[in-house]
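Here the structure comes first, spelled out in structure tokens, and everything after it is commentary.
Laboratory data are not the source of any read-out in this text; all were calculated from the coordinates shown. Here the structure is a predicted model, which is why all the values come from computation and not from measurement. All Cβ positions, glycine included, derive from the backbone under ideal geometry; neighbour counts span all protein chains shown.
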Amino acid sequence: MHVEIWSDIACPWCYVGKRRFEAALADYEHRDEVTVTWRSFELDPTAPAVRDEDAATHIAKKYGTTPEKAREMQRGLTETAAADGLDFRLDLAKLGNTFDAHRLVHLGASLGIQDQVEERFMRAYQVEGEAIGERETLERLAIDAGLPADEVRDVLLTERYAEDVRDDERTAEQLGVRGVPFFVVDRAVAVSGAQPPEVLRQLLEQARPAPAVAVVAEGDTCGPDGC
């Protein structure tokens, strides 16, 4: 069984979804038969490497609300994440472009440590306030995740894995992915959003061949228009 998860490093619901999927997989009888692949999805592909303003201010401007309401949303997400064992510090988040981070996640896949790289980058952004759009920071985090330093530098100095990221995003568009996280099993059945572990476990249990991807449940996501 092949599970593909479209996500963005800068998506808080994606980190929550990761934890919930891990819980579902741990409780799944045939977990040893499951292969997981993380797929790229950029919430803000036109973002600069690092934005000068804080997350609440940027969200307020982008979606026509107030910084306080944006901070309320962050607090709500933080409380939700805490129930899943995550210590979010969204007040520290440094917004920025995630394209290079996604390229390094692909490098991780080629070396068999994709999940470790995805986890390190998500924690760095959602918990530690790291500027993952800065190449120096990204290089340090990638090496910390276990990627070879020379390979990391080669990726960051070239266009290596750029087409892989774009291919993931083209596939997401073809599948009708509008927000992340988005879980697809064997390109046959899918779940949208950071569903509870029991829903994700049901996805694993009921996966079956189908002529097209069928979205069997929808939940909280982040998309280009907000979270």
Query raised in the report: What net charge do the residues around Arg170 carry, taking every other residue with its C-beta under 15 Å from that of Arg170, with Lys and Arg at +1 and Asp and Glu at -1?
Result: -4
Report summary line: Of the candidates Thr65, Ala82, Phe21, the farthest towards the positive dipole end of segment 1-155 (Lys/Arg Cβ +1, Asp/Glu Cβ -1, centred on the Cα centre) is Thr65
Report task. Could you size up the charge dipole of the chain around its Cα centre, putting +1 on the beta carbon of Lys and Arg and -1 on that of Asp and Glu, and report it in debye to the nearest 20? Result -> 420 debye
Query - Pair Ala26, Ala188: separation of 7 Å Cα→Cβ label points (nm) - result: 2.8 nm
Query raised in the report: Which of the lysines could be linked to Lys94 by a straight reach, that is with a Cα gap under 18 Å, when you skip same-chain ones fewer than 8 residues away?
Result: Lys61, Lys62
Report summary line: Among Gln202, Gln126, Gln116, the residue with the largest mean-square fluctuation in a Gaussian network model of the chain built from Cα contacts under 10 Å is Gln202
Query raised in the report: Listed highest first by mean packing, meaning other Cβ atoms within 10 Å per residue, what order do 74-80, 134-140, 91-97 come in?
Result: 91-97, 134-140, 74-80
Report task. Report the residue, chosen from Pro148, Pro197, Pro12, that carries the largest GNM mean-square fluctuation when the chain is represented by alpha-carbon nodes joined by springs under 10 Å. Result -> Pro148
Requested in this report: Tell me which residues come under 5 Å, amide H to amide H, from Gln195 once H is placed; ignore anything under 5 positions away on its chain.
Outcome: none
Query - DSSP beta bridge pairing in the chain, given as percent antiparallel to the nearest 5 - result: 55 percent
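Taking the number of other C-beta atoms within 10 Å as the exposure measure, put His2, His102, His58, His30 in order starting with the fewest.
Details: His2 14, His102 26, His58 18, His30 10.
In order of increasing Cβ crowding within 10 Å: His30, His2, His58, His102.
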Requested in this report: Using the charge dipole of segment 133-227 (Lys, Arg: +1 at Cβ; Asp, Glu: -1 at Cβ; taken about the Cα centre), state which of Leu141, Thr171, Leu200 has its Cα farthest towards the positive end.
Outcome: Leu200
**Report entry** Value at 222 nm in deg cm²/dmol, rounded to 500, when DSSP H runs of n ≥ 4 in the chain each add -39,500 (n - 2.57)
**Finding:** -15000 deg cm²/dmol
